[in-house]
Amino acid sequence: MNKNDFKVTIFSLSERLFPLVVRLLGDKTKAEDAIQEIMIKLWEKRNQLENHPNIKGFVFLTARNYCLDILRKKRILVNDGEIYLNLLSDSNEHSYLESQELNEIINEILKKLPNQQREIFIMRDLDGYEFTEIATIMELKITNVRVLLSRARKTISIALEKTYSYERGNY
């Protein structure tokens, strides 16, 4: 694989890796450094990647494993509370407060989800990863990813319904 092929096939994925790496490492600067290191590792393996059946999946799996290795080496626990949700909000102060409140509620619900469901929900619905990418990253079958995502969405939906039903006094 030459420089141009690497740039088009692998390096172009670095922007798609960023949300995953930031979430795992919890810091934008560390994530940028990690992506550089990941790209260097992949560059060193470029000749082996040329005939790989799923290069994109391999890149995502390499990034995830690299981040987990960093966390294990430094004995840093992934902070589940550091989930960043960017909801659209109005310039209206009332709408802004509502979106902030909704962010807090969703963060609390996400903390209570099982790890796999939370990760899959975030990768699919917030980061926009495809099912095939998620399956590769999580080392699961696509059908399992779909089931876990469905369960996560259902749990979130029920929790939101209970929260808003309670706030309106409809117990």
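The values are calculated or read from the model by the stated rules, or taken from the named source; none is laboratory data. In this text the structure is predicted, and so the values were computed from the model without any measurement. Cβ sites come from the backbone with ideal geometry, for glycine too, and all protein chains shown count toward neighbours. When the accessible area is computed, the model is the full protein with side chains, heavy atoms only, and any ligands, DNA or RNA have been set aside. Shrake-Rupley method; radii C 1.70, N 1.55, O 1.52, S 1.80 Å.
Screening Arg118, Arg124 for residues that are charged (D, E, K, R) and open to solvent by less than 20 Å² (accessible area, probe 1.4 Å) leaves exactly one candidate, Arg118. Selection of helices (runs of 4 or more DSSP H) fully inside the range 1-61 by the criterion of at least 3 residues being out of contact with any helix residue (DSSP H, G or I) (no Cβ under 9 Å at 6 or more places or on another chain) and open to solvent by 20 Å² or more (accessible area, probe 1.4 Å) returns 3-9, 28-44. Of all residues in the range 128-171, count the ones that are buried (at least 18 other Cβ atoms within 10 Å of the Cβ) and closer than 25 Å to Ile55 by Cα. Looking only at that region, the number is 10.
Closer than 17 Å to Ile122 by Cβ and free of Cβ contacts under 8 Å to residues at least 24 places away in the same chain: does that describe Lys45? So Lys45 does not fit the description; no. Does the range 6-15 contain any residue that is farther than 20 Å from Glu119 by Cα and of a type in the set (D, E, K, R)? Yes; the residues of the range 6-15 include at least one that is farther than 20 Å from Glu119 by Cα and of a type in the set (D, E, K, R).
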